[in-house]
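Step one of this worksheet: look at the structure below.
Readers should treat all values here as calculations from the given coordinates under stated rules, not as data from a laboratory. Source: prediction; values computed, not measured. Positions of Cβ are backbone-derived with ideal geometry, glycine not excepted, and every protein chain shown enters the neighbour counts.
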Amino acid sequence: MSGEKASPPHEPGTQASLLEASGATPPPGPVHETRSTCCYCGVGCGVIIESTLGDDGRLRISSVRGDPEHPANFGRLCSKGSTLAQTAAPEIARQSRGDVPMIRHQRGSPWVASSWSDAMDFASARFLDILSRFGPDSVALYISGQLLTEDYYLFNKLAKALLGTNNIDTNSRLCMSSAVSGYKKSLGADSVPACYEDLDHAGTVFIVGANPAFAHPVLYQRLRQARQANPSLVVIVVDPRRTDSADEADLFLQILPGSDVWLFHAMLKLMQEEDLTDSGFIAQHTSGFRELHEVIASLELDTALAQCGLDRETVTRAARAFALGPTLSLWCQGLNQSASGTDKNTALINLHLASGQIGKPGAGPLSLTGQPNAMGGREVGGMANLLPAHRELSNPIDRDAIARFWGVPAIPSEPGKTAVEMFEAIEAGTIRAVWIVCTNPAHSLPDQRAIHRALAKAELVILQDAYHDTATAPAADVFFPATSWGEKEGTVTNSDRTISRVRAAQPGYGQSRHDWAIALEFARRLETVLRPGAATLFPYTDAESIWLEHRATTAGRDLDISGLDYAILERDGPQQWPYPRGASHGQKRLYEDHVFATPDGRARFCAPLPRAMADPPDRRYPMTLTSGRLRDQWHGMSRTGTLARAFAHAPRPCIDLCTADAHELGVVAGELVRVTGRRASQLLPAQISAAQRPGQAFVAMHWSDAYVSGRARDGWTHGPNDFFARAIDPVSKQPELKNASIRIMKAELPWQWHAAVLLEPGSALAVQQRLRQYFKEFSYAHCVPFGHERIGLEWRAEDDYAPKEDIQAAIEALLGMGAEVGLLRYADAKRGQRRLVRLEEGRVTGFSLAGEAAAEIWLRQLLESGEEISFPKRRLLAPGANPPGQVAPRSRILCNCAAVEQTRITDRIQSLISALPAAERAPARAATRAPVILECLKSELGCGAQCGSCVPELRRLVREAQHASV
Amino acid sequence: MSRPKLVVVGNGMAGVRTLEELLKRAPERYAITVFGSEPHPNYNRILLSPVLAGERTLEDIVLNDFAWYQDHAIELRTGCRVDAIDRSRRIIRDATGATMHYDRLLLATGSLPIMLPIPGRELEGVLAYRDIADTQAMLEASSRYRHAVVIGGGLLGLEAACGLTLRGMQVTVVHLAGWLMERQLDETAGTLLRQSLEERGLAFRLAAKTTALEPAQSGRVGAVRLASGEAIAADLVVMAIGIRPNTALAEAAGLPCRQGVVVDDTLQTYDPRIYAVGECANHRGQAYGLVAPLFEQARVCADHLAGLGRLHYRGSVLATKLKVTGIDVFSAGHFQADPGTEEILFSDDETEIYRKLVVREDKLIGACLYGDTDLGPWYQELIRLGVDISALRDVMMFDDPGQTSKAVAAPQSAVPAPAST
């Protein structure tokens, strides 16, 4: 379909020409293989994309597998990466991708499709108008750590060289900026010292504020492999939740949220008490230890332990293991997303410095990046306070160097607004136009109600994205459709400084264009007004030409890649930086000479004082809400959310509570609770979780108002980020997206509506998008896809009363159960009861239970099993939780690759255990038998045998069954 | 000592059923004479439709053959109308002029079909649908003619139309209301019924008024003219637009009549020696045209004729069942929604099942079922008993009484004794 829609040949950046230019010319054979990089987390796994030539003569991605030669993954892929090809399927694209530019002439009115030329004219004219009226700092660019390095470089230059504003920041501000400022403060540069290979050499792996089993699964599997190879390897996990990663650790420190600095200081104090510090290293290679020592000395250990909610014995064991090493620490948002994130980072690096656990194999701080190219963005300086190649905007020498390099008179000295500040300025009216690229601020920034107010206030919102249906889209005035994974050309840098190529395996969807090409076109239009007659600042012809300019900025810098080029990446595969001229390979590990990037070459101890959470609990809001990831979803789910199967493991939104808290609230799983914080209140279904400590609740960060919402005081609820404060770290400016204080009450809403329906292939996403508009008609509503082969939608709403008849009818019609469809129907309007069941050939293919919905349990089982019903069908409409006949029970799909249900797994474990002789079931034998049972499950049921993401859960099930059988 | 004389005027289902009930209670109490205007013994009028449809024979539908009268020493005078009652002398006079004394008189004269007062109603081939003679005339016409029009899309009209269709005629039903059986069904059920009957080959003109019956050249009826101007070919016209109680005899005798002979809760008229049951009677302002109320009346009336005086009749819940094979329609009570009532609806589009229950103040007051009427009698009972159904409300659409009695409280035992005991 996109073939017919291709742009006229005279327009720059048409897909066919870009594809040809980048070497992805359709090959002669039917199947073509392209090496590229996964677009999800910062592990940066290599993929081999297979594409086939369609009847239209265009390549179409058909499958994806791990690249066995890629140093990040050696062929492995996680549950997300292994389904990349499915997310690129045409029927998904048709429903979710933007295929043409669109203009909205008035907020709230529908999009109008446009040509590229008209959309560019519209956007650039309004942009220029605002620039001319209010000056360069009245505009802003809010971009993304998912952009490629080349995209990033161009946007940065556009802002700082052409527009003359430093108002360019990225969603990496929400992700890595505390790690950046921590590295810079402690080590002198934003350089990740360690590498993935250090897992193989480590004696201790210290994981804090990260759940790599879910968020970085391939790296986690590498850790698992390292443990197998080295049984004495000690894995320590520090987390407020007993995550899958924590569950498998040798030592788990379930700390109270926000107490990380207390913990690191306490560990240092204990190291000192036991004389485990490396005084030689401290003396020779560091500075500032005296100041730190004073802080540590003044700290009461008992106070620190109480702040952490930990006992001395556990922390002592952690401190000893850390000091013993070699110690590799891995961390992510648990440290970074905090108003004291920089302190948490420097306090952790203090431990490495104090024990000499840096600059040697198996040791060092290795921050895990959440995004595929957060590192690349840092390298090109695509943030409000940075300049290319790790230069500082605040440094006049750096500004001057870059101004000369770019051939402009000066780089503005005024620092730009960082992400949170940027939206505050938009709300305040000082920033009037914002160009949002490849990110979804209406989901991801804290204090969402303020973000929505800001977006509504902005005079001009340009949205550039591959997906047209993000939460931000309704606020935009112009939409530029961008190419996406599998269509783009460029490079990314992963968590361990490895630069990998991203390559196109199929043409861009519809009329979408590469992000850099859109920026280029826009820049050239602005240039004709802002720099009339002058030579262009943007003389690029392709991604590589941009990259070469980026490379030139790195010469002599810590990240010098002067010796690298696309040809080497092509020939030798991914390379770590630095890779200076003359090098034959990248550098695995930094600071092996113990000379750090500070002026005196010494690493710096920082001496932060522990600070309270930005939104501390009190009597009114006694509980703490934390947020994190689901195993099979990524970020705002604009890509993973297009796959119904990605929802199988965590099928619907929920808030996790421990058993004790749920008991105290009188809530059972699935019942709604009202979560109220200082900024917002939202209803969510409760889920009982053994991972939670009492007083701690958890919501996955993915559940935006695109999936779950409800009426709120000033509109509708926007998901977990409604709760988090706009408080930012004073140095890194990263907001505290991890902790908020809340109270939880049971919410008993008398009117419930549960529906589930199998939909025509290729329609579920479009229906889901249309259903979203009805969320705010209810106190609570969610809509999520489900299913593996045949895709369906689950709809749930609850309220104090039934909605208006026409609203209910419209939703039923969208669910394929409208008035004209043959159904079983039951209605008792007085009681708000309305139940519909759709049958096809004696099988339930849809149901809608409004009013009393207890029958949802067995109707859903009937629907998902597809079994023929064995009782009079009118009883399908009978109320109550007990089925009127035989219904085979169904359970959650635990292994998504092989679609294996949890009950099948537990049944098989049970039979395997009971087949063992009694002696073999003894507790002492459990550890020996468990791997054997796991292997049986893998070979017999197929679960855990592919991506391995479910293995931690499988092991837990085996362990629990073994425990129960004794 | 001679027994008192009971004279029954009307040899139909109501009169003879009363006798049966009476004989059970007091077999020797009366000397009984029954007058019947038709030449037949008591037959089941309700089953005329299956006879017309060819599913039963006339013999099949006889309820009490001549031997039964003999066995019970009942004098039966068939083909003999009663023309007058002399209440002061307690005698009746029959069509032959003969008189007979009575101690008790039971009026069971039934009803008469209403004939439209339109031109052509006297033409040959224009019938009502009331008795064996009408049925035989329809059967005869169906064997000789092609086109039939039934005026009236009520219960009786539709049964006639279906029967004639089965007999090979092309039948059009002309109906004044917007949907069929509007007094028994709501619009949804009426529409389902029409669709189902159309599939069987019937044609319909709804919201259609008949203005005239037009003769063919033969002099027999040839067409039905509608107010719209349309003429529908008709070799046979059956008028089934309703019935009116046959009260001519009672009125002439000075008994108060208002849409039927007015009776009290013992089925006694204003004359203590005279009772009335069945379609000719009006109890509490209601004349019933269905069989179930007649049987209830018969029981109460017999109780009093037997001198027991225990039972009272307090009216019946009307329930209708259309006797067309393969189409189950049931309605009972007050089935149209109005302010103060609540509806509970069930439908299965695939099998064309539709049910509506009407509730007022936690009592079931009406039911309208189409397609599957198994639960009809139970609903009728719930309506009649007037019990609080709140405990049953959520399940009553799905469960039959047997299952409910297991699942909930048995409705039969959970409620007060029937009102008529």
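With a simple spin-label model that places each label point 7 Å from the Cα along the Cα-to-Cβ direction, the separation between B:ALA67 and A:GLU300 comes to 11.2 nm. Each eigenvalue of the Cα gyration tensor of region A:868-928, multiplied by 5 and square-rooted, gives one semi-axis; in descending order these are 37, 15, 9 Å. Panel order for A:TRP516, A:TRP716, by other beta carbons found within 10 Å of each beta carbon, from fewest to most: A:TRP716, A:TRP516. The relative contact order of chain A, computed from alpha carbon pairs under 8 Å that lie at least 6 residues apart in sequence, is 14 percent. Each Cα pair under 8 Å and six or more residues apart adds its sequence gap; the mean of these over the residue count of region B:319-408 is a relative contact order of 25 percent. With both labels modelled 7 Å from their Cα along Cα-to-Cβ, the B:ARG121 to A:LYS776 distance reads 6.6 nm. Over 24 Å apart at the Cα level, from the set B:LYS323/B:LYS356; A:LYS157/A:LYS733; A:LYS588/A:LYS938; A:LYS157/A:LYS417; A:LYS269/A:LYS588, are A:LYS588/A:LYS938; A:LYS269/A:LYS588. Ranked by the mean number of other Cβ atoms within 10 Å of their residues, highest first, the peptides A:453-460, A:753-760 fall in the order A:753-760, A:453-460.
Placing R0 at 60 angstrom, the Cβ-Cβ distance between B:ALA133 and A:TYR801 gives a FRET efficiency of 0.50 after rounding to 0.05. Helical runs assigned H by DSSP (4 residues or longer) give chain A a calculated mean residue ellipticity at 222 nm of -9500 deg cm²/dmol, each run adding -39500 (n - 2.57) before division by the residue total. Spherically averaged projected area of the convex hull of Cα atoms, region A:274-429: 13.4 nm². Computed over Cα pairs, the Kirkwood radius of region A:460-609 leads via Stokes-Einstein (1.567 mPa s, 4 °C) to a diffusion coefficient of 70 µm² per second. For the pair B:ASP338 and A:VAL821, label points projected 7 Å from Cα toward Cβ lie 3.7 nm apart. Taking every alpha-carbon pair under 8 Å whose residues sit at least 6 apart, chain B reaches a relative contact order of 14 percent. Given the protein assembly as shown reduced to its alpha-carbon atoms as identical point scatterers, what log10 I(q)/I(0) does the Debye formula return at q = 0.07 Å⁻¹? Debye intensities relative to I(0), on a log10 scale: -0.81. Sparsely packed loop sites in region A:81-119 (the trypsin sites (Lys or Arg not before Pro) outside DSSP H, G, I, E and B with at most 12 other Cβ atoms within 10 Å) do not occur. Where both bridge residues fall in region B:126-239, DSSP classifies roughly 35% of the beta bridges as antiparallel. Here's the list of aspartates and glutamates a cross-link from B:LYS363 could span, going by alpha-carbon distance under 16 Å and ignoring same-chain residues fewer than 8 apart: A:ASP828, B:ASP338, B:GLU342, B:GLU343, B:GLU381, B:ASP388, B:ASP394. Its Cα gyration tensor gives region A:182-324 an equivalent ellipsoid. The semi-axes, each the square root of 5 times an eigenvalue, are 25, 20, 15 Å from largest down. Here chain B is described by how far its Cα atoms reach on the three principal axes: 68, 66, 37 Å, from widest to narrowest.
Are there trypsin sites (Lys or Arg not before Pro) in region A:693-760 that DSSP puts in a loop and that have at most 15 other Cβ atoms within 10 Å, and which ones?
A:ARG713
Listed by number, the DSSP H helices of chain A that run 20 Å or longer by alpha-carbon position along their axis and have mean Kyte hydropathy of at least -1.0 are A:116-134, A:341-355, A:515-530, A:923-941, A:951-965.
Label point of A:SER287 set 7 angstrom out along Cα-Cβ; within region A:575-608, amide nitrogens under 13 Å from it belong to A:596-606. Stokes-Einstein, applied to the Kirkwood radius of region A:636-793 over Cα pairs at a viscosity of 1.002 mPa s and 20 °C, places its translational diffusion at 129 µm² s⁻¹.
Quick check on the protein assembly as shown: of the DSSP beta bridges with both residues there, what percent are antiparallel, nearest 5%?
In the protein assembly as shown, approximately 65 percent of DSSP beta bridges are antiparallel ones.
Neighbour counts of other Cβ atoms within 10 Å put B:LYS323, B:LYS356 in the fewest-to-most order B:LYS323, B:LYS356. A Förster radius of 35 Å combined with the Cβ-Cβ distance from B:SER88 to B:ARG244 puts the calculated FRET efficiency at roughly 0.80. Shown is the FRET efficiency for A:ALA113 and A:VAL31, computed with R0 = 45 Å from the Cβ-Cβ distance and rounded to the nearest 0.05: 0.85.
Computed over all pairs of different Cα atoms, the Kirkwood value for the hydrodynamic radius of region B:319-408 is 13.2 Å.
Sorted into 10 angstrom bins from 0, the C-alpha pair distances of region B:126-239 split as 15, 49, 32, 4, 0 percent.
Legend: ranking of residues A:PHE264, A:PHE522 from fewest to most surrounding C-beta atoms inside 10 Å; resulting order A:PHE522, A:PHE264.
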